[in-house]
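**Student:** This structure is in structure tokens; I'll ask about it shortly.
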Amino acid sequence: MLLQEPHDEFLQYAIAIEYFSGGQNEKAIEMLEKMLHNNPGYLAAYYQLGKCYEVVNKMKEAATIYTKGIELAQKQGKQKTLSELREALFLIDED
């Protein structure tokens with residue numbers, strides 16, 4: 001499907017999540033970073049990329065991406081995602 005629709009961001013996001021679910025964390029990180037490079041407004045990718053960073057013990061990167069996601073969620077007025085990102089950042093800051 002990705003070959004037919006290489007610019008479909010939702011499809012790219014879904015594949016990255018499948019990589020993450022399958023334990024292919026570095027591949028998921030690579031895809032999500034590329035997505036955000038190409039479209040920094042894709043809000044859902046910030047939470048997932050942060051979680052990927054956490055799994056590979058890159059807490060500084062996770063905190064940075066959560067913070068960027070928080071800023072974007074505030075700009076977009078997405079309260080649910082804002083809460084999720086704040087909680088994720090809070091939980092890693094506790095450690």
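The values are calculated or read from the model by the stated rules, or taken from the named source; none is laboratory data. The structure displayed is predicted, hence computed values, not measured ones. Don't worry about glycine lacking a Cβ; one is built from the backbone with ideal geometry, like all the others, and counts go over all protein chains shown.
**Student:** Does region 80-88 include one or more residues that are touching a residue at least 40 places away in the same chain (Cβ under 8 Å) and either surrounded by fewer than 17 Cβ atoms within 10 Å (Cβ to Cβ) or among the aliphatic types (A, V, I, L, M) (or both)? Walk me through it before giving the result.
**Tutor:** From region 80-88, those touching a residue at least 40 places away in the same chain (Cβ under 8 Å) are 88; that's our starting set.
Cutting the leftovers down to either surrounded by fewer than 17 Cβ atoms within 10 Å (Cβ to Cβ) or among the aliphatic types (A, V, I, L, M) (or both) gives us 88.
Yes, that holds for at least one residue.
Okay, residues lined up against (1) over 13 Å from the mean Cα position of the chain (by Cα); (2) among the β-branched types (V, I, T); (3) in a loop (DSSP other than H, G, I, E, B):
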residue: F10; (1), (2), (3): no, no, no
residue: K34; (1), (2), (3): no, no, no
residue: G41; (1), (2), (3): no, no, yes
residue: E61; (1), (2), (3): no, no, no
residue: T64; (1), (2), (3): no, yes, no
residue: G69; (1), (2), (3): no, no, no
residue: E84; (1), (2), (3): no, no, no
residue: E87; (1), (2), (3): yes, no, no
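**Student:** Also, I was wondering about something else. Of everything in region 43-79 that's among the small types (G, A, S) and surrounded by 15 or more Cβ atoms within 10 Å (Cβ to Cβ), which residue is nearest to L32 (Cα to Cα)? Step through it out loud before you land on a result.
**Tutor:** First, the residues of region 43-79 that are among the small types (G, A, S): 44-45, 50, 62-63, 69, 73, 77.
Right, trim to surrounded by 15 or more Cβ atoms within 10 Å (Cβ to Cβ) and you get 44-45, 50, 62-63, 69, 73.
Working: A44: 10, A45: 6, G50: 10, A62: 13, A63: 16, G69: 13, A73: 17 Å.
Here the residue is A45.
**Student:** So M35 ticks every box in (1) hydrophobic (A, V, I, L, M, F, W, C); (2) at pLDDT below 95; (3) more than 22 Å from D8 (Cα to Cα) but one. Which box is left unticked?
**Tutor:** It is condition (3) that M35 fails.
**Student:** Can I ask one more? What is the number of the single condition among (1) under 22 Å from F90 (Cβ atoms); (2) in a helix (DSSP H, G or I); (3) not aromatic (F, W, Y) that N57 does not meet?
**Tutor:** Unmet condition: (2).
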